[in-house]
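Contents: one structure, followed by commentary.
The values are calculated or read from the model by the stated rules, or taken from the named source; none is laboratory data. Computed from a prediction, not measured in an experiment: that's the story for all the values here. In this analysis, Cβ positions are derived from the backbone assuming ideal geometry, glycine residues included, and neighbour counts consider all displayed protein chains. Heavy atoms of the whole protein, side chains included, go into the accessibility calculation; ligands, DNA and RNA do not. Shrake-Rupley method; radii C 1.70, N 1.55, O 1.52, S 1.80 Å.
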Amino acid sequence: AVSARSGNKRVRLTNIVLKQVLSECPVFVTHPAKRGGRVTDNEPVAGQLTADNRSFSIKTSDDHTPDFRIRLRDIMDIGTERQTIDGDERWSLSIKHLTDDGAANSKITARDDRQYKLLRQFAKREYKKRKHQLKKLSLSDDEKEVLVALYSASNQMDISMIIDKDADEFQAIINSLNNSGLVRTGGSGAELTGLGRVAVNRKVEDVNV
C-alpha cells in the first residue's frame with residue numbers, strides 16, 4: 001500500500017504506518033548512556049516507546065531511569081552498536097540529543113527485530129533531512145564564530161561579552177542564525193538548537209576556538 005502511493009501521500013502514509021507500529025513498542029533503553037561525553041554506569045532497562053510526528057517518548061519500568069522524550073529536532077547524531085541484553089547481543093541505536101541539562105547519549109533497541117529496523121528508519125530519516133538542510137546552508141565566518149562560542153559556553157555565560165562585535169552587529173548575526181534554525185532565543189538568551197549543534201560538528205571545523 002505504501003509503495004503504491006506517490007509523493008506526499010506516500011510520506012504521510014509511511015508516517016502513519018511507522019507511528020502505528022511504534023506505538024507502545026517494547027524496548028530496552030540505557031539513559032543516559034553518556035552525559036556530556038562522560039560514560040555513565042547505567043544499565044539497560046525495559047520500557048515502552050511511542051512515536052509521533054516530532055518525537056518519540058519512552059516510559060521505563062525502572063525507578064532509577066526516568067521517563068524521557070527525544071525530540072527529532074534535537075537529535076545531533078545517530079549511530080548503531082551491539083549491546084548484550086539478557087544474555088543476547090542486540091543492535092542498538094546510539095542517539096546523541098539535546099536535553100534540558102545539555103547533550104546526552106541514549107541507547108535504544110526494540111525487543112522485536114522488525115520494530116528495531118523501523119525505529120532506526122524513523123529516526124535516521126529525519127536526521128538525514130537535517131543533514132541535507134545543512135548542506136544548503138552557507139555560513140559566514142562571523143556566524144561560525146558565534147555558533148562555536150554558543151557551543152563552548154555554559155548557559156550562564158553571556159557570549160556577547162566575548163564576541164568582538166557591537167550590539168547591533170551581534171544581534172543581526174543571532175537573528176540570521178535564528179532564521180536558519182540553528183539558534184533559538186528565550187528568557188535565558190540565545191542557545192543552539194539540535195541542528196545548530198550538528199552544524200558546529202560538521203561545518204565549522206575550520207574555526208579556531
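For first residues located in the range 45-62 and hydroxyl-bearing (S, T, Y), partners that are exposed (fewer than 15 other Cβ atoms within 10 Å of the Cβ) and not in a strand (DSSP E or B) and lie 6+ apart or on another chain with Cβ distances below 7 Å form the pairs T50/S23; T50/E24; T60/D67.
Is it true that E191 is more than 10 Å from V146 (Cβ to Cβ), at pLDDT below 85 and either touching a Ser or Thr at 6+ places or on another chain (Cβ under 6 Å) or not basic (K, R) (or both)? Here the answer is no, as E191 does not meet what is asked.
Out of everything in the range 99-118 that is surrounded by 20 or more Cβ atoms within 10 Å (Cβ to Cβ), within 12 Å of the chain's Cα centre (by Cα) and of a type outside the set (S, T, N, Q), what residue ends up being farthest from V27 (Cα to Cα)? Here the answer is A103. Of the residues that make up the range 32-48, is at least one in contact with a Phe, Trp or Tyr (Cβ under 6 Å, 6 or more places away or on another chain) and closer than 27 Å to T193 by Cα? No, because not a single residue in the range 32-48 is in contact with a Phe, Trp or Tyr (Cβ under 6 Å, 6 or more places away or on another chain) and closer than 27 Å to T193 by Cα.
The residue that is least open to solvent (accessible area, probe 1.4 Å), counting only those in the range 50-69 that are acidic (D, E) and more than 30 Å from L13 (Cβ to Cβ), is D62. Scan the range 170-189 and tell me whether some residue there is open to solvent by 20 Å² or more (accessible area, probe 1.4 Å), farther than 20 Å from I75 by Cβ and part of a loop (DSSP other than H, G, I, E, B). Yes: the range 170-189 contains one or more residues that are open to solvent by 20 Å² or more (accessible area, probe 1.4 Å), farther than 20 Å from I75 by Cβ and part of a loop (DSSP other than H, G, I, E, B). Inside the range 19-42, residues that are in contact with an Asp or Glu (Cβ under 9 Å, 6 or more places away or on another chain), farther than 11 Å from S106 by Cα and not hydrophobic (A, V, I, L, M, F, W, C) make up a count of 3.
Q83 falls short on exactly one of the conditions (1) touching a residue at least 40 places away in the same chain (Cβ under 8 Å); (2) open to solvent by 70 Å² or more (accessible area, probe 1.4 Å); (3) of a type in the set (S, T, N, Q), and that condition is (2).
All of K135, K144 fail the test of being within 19 Å of the chain's Cα centre (by Cα) and of a type in the set (K, R), apart from K135.
When E43 is tested against (1) in a strand (DSSP E or B); (2) at pLDDT 90 or above, exactly one condition is not met: (1).
Of the listed requirements (1) open to solvent by less than 20 Å² (accessible area, probe 1.4 Å); (2) more than 30 Å from N178 (Cβ to Cβ), Q121 misses just one: (1). State whether the residues of the range 30-43 include one that is surrounded by 20 or more Cβ atoms within 10 Å (Cβ to Cβ) and β-branched (V, I, T). Checked against the condition, which is being surrounded by 20 or more Cβ atoms within 10 Å (Cβ to Cβ) and β-branched (V, I, T), the range 30-43 yields at least one hit.
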